[in-house]
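Student: Got a structure here, written out as structure tokens. Questions coming.
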Amino acid sequence: MLYDKARIFVQAGGGGNGCMSFRREAHVPMGGPDGGDGGRGADVVMVCDDSLRDLQAFKRSVHYKATRGRHGEGNQRHGADGQTMEVRVPPGTEVHAADGTVHDLVRPGQRVTVAAGGSGGRGNRKFKSSTRQSPRFAEKGLEGEESWLDLRLKLLADVGLVGVPNAGKSSLISVLTRAAPKIANYPFTTLEPVLGTLDGGDRQLILADIPGLIEGASDGAGLGHEFLAHVERCRLLVHVLELAPLDGSQPEDNHSVIERELARHDARLAALPRILVLSKSDLVPAEEAELAREVWQERFDAELPPAEEWEDPEQLTRTPVIVSSSATAVGLDELRTELLRRVPLENVPAPVELAGEAELAEHRVFRPAAGRGWSVERVEDGLFRVSGEQVERLLARHDLENEDALAHVEHRLGRMGVVRALEAEGFEPGDDVEIAGLVFELH
């Protein structure tokens, strides 16, 4: 079974706490602060791994938690950073974050950070100054990011085989490639996409057998959304159409249903190049199969726009119609040739030559000033609330029960302009201030 959906929880590591320590050594009666900084928490990184084919591993393991940074220690010893956690996914995986961000991992080795580790706290040595020579506080490390992620796999195939159920797609891919899908004489035999490799000598193509589509597939009927998602990355579609359907349906109606559902799901699919394969020709007379091919070819040729004066009519893109039989191998060589001819080679961008240091012109970098990022409101007499990520991170780093740490926080709030904004709202020394759910008295 192909697992093409998963939901996981990722949590980056928290930062290590800074250390409050003083040098204690013989014959050094007044050793200064020597507390080390805490290490940075580990990130959670999604990595595209070409050795994987589906999301089955995430059915057994849902929670991914990275290690936190080590705490700082005395004697100016900094804590070690956490080791990055790599979560490997197959090529073609889309990562949907809770905030709407979508990461598309298609190239082997591609990496994207989905949860950043928390920064480590600074040790008391970093707060030493000419007016504060013995700081008795240190910063705490911040917690890492965490969120739920939705993973969706869309197969990376060059050619997609589409058609109604029991049209002969599985038999076709089994004779064109070494794939071994389940084959039986009833609809919906294929319940999940099957991949196969077509060997063309100097190149290869990946073929995908998409389970049969029914009317309403673009609205989700018959697991339509799941199946159509695997067609989105294909560069060529092979529409497999049964010459004489055993259920009594008309080939024209079956063709219209599939084309309509593809266009309704994604307008880009309607513009993809096509090859029409009239399958199971061994079940009808050869004259009838050839007549059907001519009728379909004339229909497609009539839909082509008229050639301009400077265009060669033979060069216009036309939809070829091929009569085939997986049982007698009729038309298979022609189909292989058309697939290799119509799927272009991917252009590899040429490496960009960077200019030498002497050729680079002098330049300046201008960065916009940081925004205020916080707001002040008066809750009631003697109580004010300050909200904003900047001030909340400041309080998360310090122990407000420590008088030295509280004095440092008040000093930082003053430099950030928070105290001036509070005074503009009627704040007086001794009033209570609420930040991130903590209420303390500000002087």
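Student: Looking at Cys48, Cys19 in this structure, which one is in contact with a Leu (Cβ under 6 Å, 6 or more places away or on another chain) and assigned by TED's automatic domain parsing to the domain that holds Arg125?
Tutor: After ruling out the rest, the residue left standing is Cys48.
Student: Restricted to segment 433-443, and to residues that are at pLDDT below 90 and either of a type in the set (D, E, K, R) or more than 19 Å from Gly388 (Cβ to Cβ) (or both), which residue is surrounded by the fewest Cβ atoms within 10 Å (Cβ to Cβ)?
Tutor: Among those that are at pLDDT below 90 and either of a type in the set (D, E, K, R) or more than 19 Å from Gly388 (Cβ to Cβ) (or both), it is His443.
Student: Given the options Val164, Val112, name the one that is within 30 Å of Ile210 (Cα to Cα), out of contact with any Lys or Arg (no Cβ under 9 Å at 6 or more places or on another chain) and part of a strand (DSSP E or B). First the steps, then the outcome.
Tutor: Values: Val164 fails: part of a strand (DSSP E or B).
On inspection, the qualifying residue turns out to be Val112.
Student: Please verify whether Val112 is in contact with a strand residue (DSSP E or B) (Cβ under 9 Å, 6 or more places away or on another chain), under 15 Å from Leu52 (Cβ atoms), in contact (Cβ under 8 Å) with a residue 60 or more places away in the chain and not small (Gly, Ala, Ser), treating the condition exactly as stated.
Tutor: no
Student: Also, I was wondering about something else. Among the residues of segment 103-118, write down those that are crowded, with 20+ Cβ neighbours inside 10 Å and either more than 26 Å from Arg70 (Cα to Cα) or in contact with a helix residue (DSSP H, G or I) (Cβ under 9 Å, 6 or more places away or on another chain) (or both).
Tutor: The answer is Leu105, and nothing else.
Student: Closer than 30 Å to Thr197 by Cα, in a loop (DSSP other than H, G, I, E, B) and at pLDDT below 90: is that true of Glu346 in this structure? Even if it seems obvious, please write down each step before you answer.
Tutor: Values: closer than 30 Å to Thr197 by Cα: yes; in a loop (DSSP other than H, G, I, E, B): yes; at pLDDT below 90: yes.
Spelling it out, Glu346 is indeed closer than 30 Å to Thr197 by Cα, in a loop (DSSP other than H, G, I, E, B) and at pLDDT below 90.
Student: Moving on. Hey, can you tell me all the residues within segment 401-423 that are touching a residue at least 40 places away in the same chain (Cβ under 8 Å) and surrounded by fewer than 14 Cβ atoms within 10 Å (Cβ to Cβ)?
Tutor: Gly417
The values are calculated or read from the model by the stated rules, or taken from the named source; none is laboratory data. Note that this is a predicted model, so its numbers are computed, not measured. Note: ideal-geometry Cβ built from the backbone for every residue, glycine included; neighbour counts use all protein chains shown.
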